[in-house]
Amino acid sequence: MEKIKVLIADDHRVVREGLAAILKTKEDIHVIGEAQDGAEAVEKARALLPDVILMDVSMPRMGGVEATRQVKREFPHIGIVALTMYEEQQYIFDLVRAGATGYLLKDSESSQIVAAIRAIYRGESLIHPSVASKILAEFSLMAQKKGKKSSWAEHDLTEREITVLRLVADGKTNKEIANNLDLSEKTVKNHVRNIFHKLQVYDRTQAAILAIRKGLIELDPKR
């Protein structure tokens with residue numbers, strides 16, 4: 001079995017050890033290293049090439065936002081899950097812009113953290129519900145303020161890809177999208193890959209946010 005290589009970055013040793021203890025009980029996950037600050041996280045990402053990094057937001061020397069930005073600039077394929085005690089919007093938006101693939105609060109259940117790692121390894125995203133609503137609401141508001149709509153033709157998205165993107169923005173997994181559209185998961189995965197390529201993004205969160213920000217899709221205001 002090919003294991004998911006995980007790097008844990010947090011300035012509190014007890015947190016690192018606790019996360020490592022949880023992850024080491026999972027047969028499909030291998031903790032390959034730990035970092036006590038953002039600078040070390042970047043160094044170990046270069047040396048160890050993890051599949052996923054659990055990244056604390058507030059760390060000495062270099063914070064999680066800047067560390068995320070540097071890692072994603074050099075290794076765009078590495079998935080990053082931001083772990084924080086904060087729900088403040090500025091942290092959320094800075095992390096999304098930096099390229100974080102997931103965003104979970106530190107009081108999340110261990111099962112949520114494990115699910116996030118697995119989802120991101122599959123090319124999906126997992127964001128804490130209370131955080132996701134703030135992200136989408138803010139970028140939807142930005143799109144409305146701009147008052148500009150980009151045409152689908154500009155991005156060369158097909159009608160099917162538009163439909164898939166709307167479901168991605170709604171937080172649906174590949175399996176859920178496949179069931180919704182009566183397609184195979186492999187077909188949905190290909191559509192998602194094409195959407196990433198055409199929009200020039202690396203993950204589902206970025207694709208959804210870009211689409212909302214540019215007015216390519218609109219969220220239901222009642223949500």
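Starting from 0.36 nm per residue, how many nanometres of slack lie between Lys26 and Asn180 once their C-alpha separation is accounted for?
Details: separation 154, 0.36 × 154 = 55.44 nm, distance 3.06 nm.
Taking 0.36 nm per residue and subtracting the Cα distance, the gain is 52.4 nm.
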(request) Step through the residues of the range 64-75 one at a time and calculate ³J(HN,Hα) from phi using the Karplus curve (6.51 cos²θ - 1.76 cosθ + 1.60, θ = phi - 60°), rounding each to whole Hz and writing x for Gly and Pro. (result) x, 5, 5, 5, 4, 4, 5, 5, 5, 5, 8, 9
(request) Please work out how much length the chain gains when fully extended from Met1 to Arg97, using 0.36 nm per residue of separation minus the C-alpha to C-alpha distance, in nm with one decimal. (result) 31.2 nm
(request) Enumerate the amide H contacts of Tyr103 below 5 Å, restricted to partners 5 or more residues apart or on another chain; note that Pro and chain-start residues carry no placed amide H. (result) Ala82, Leu126, Ile127, His128
(message) Can you list residues from other chains, or at least 5 along the same chain, whose modelled amide H is less than 5 Å from the amide H of His30?
(response) Ile4, Lys5, Val6
(message) Need one number: nm distance between label points at Gln112 and Ala47, each 7 Å from Cα along Cα→Cβ, rounded to one decimal.
(response) 3.3 nm
(request) Would you work out if the range 4-136 is rounded, prolate or oblate? Take a ≥ b ≥ c from the square roots of the eigenvalues of the alpha-carbon gyration tensor; rounded if a/c is under 1.5, else prolate when a/b is larger than b/c, oblate otherwise. (result) rounded
(message) How large a share of the accessible area of the range 4-136, in percent, is made up of carbon and sulfur atoms when the probe is 1.4 Å and the other protein chains stay in place?
(response) 51 percent
(request) Would you mind counting up the charge near Ile29? Only other residues with Cβ under 9 Å from its Cβ, with Lys and Arg at +1 and Asp and Glu at -1. (result) +3
(request) Give the residues of the range 1-43 whose amide nitrogen is closer than 13 Å to a point set 7 Å from the Cα of His77 in the direction of its Cβ. (result) 5
(message) How large is the accessible surface of Lys175 in square angstrom, using a 1.4 angstrom probe and rounding to the nearest 10?
(response) 120 Å²
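The values are calculated or read from the model by the stated rules, or taken from the named source; none is laboratory data. Only a predicted model underlies this, so the values are computations on that prediction, with no experimental measurement involved. Positions of Cβ are backbone-derived with ideal geometry, glycine not excepted, and every protein chain shown enters the neighbour counts. Heavy atoms of the whole protein, side chains included, go into the accessibility calculation; ligands, DNA and RNA do not. Shrake-Rupley method; radii C 1.70, N 1.55, O 1.52, S 1.80 Å.
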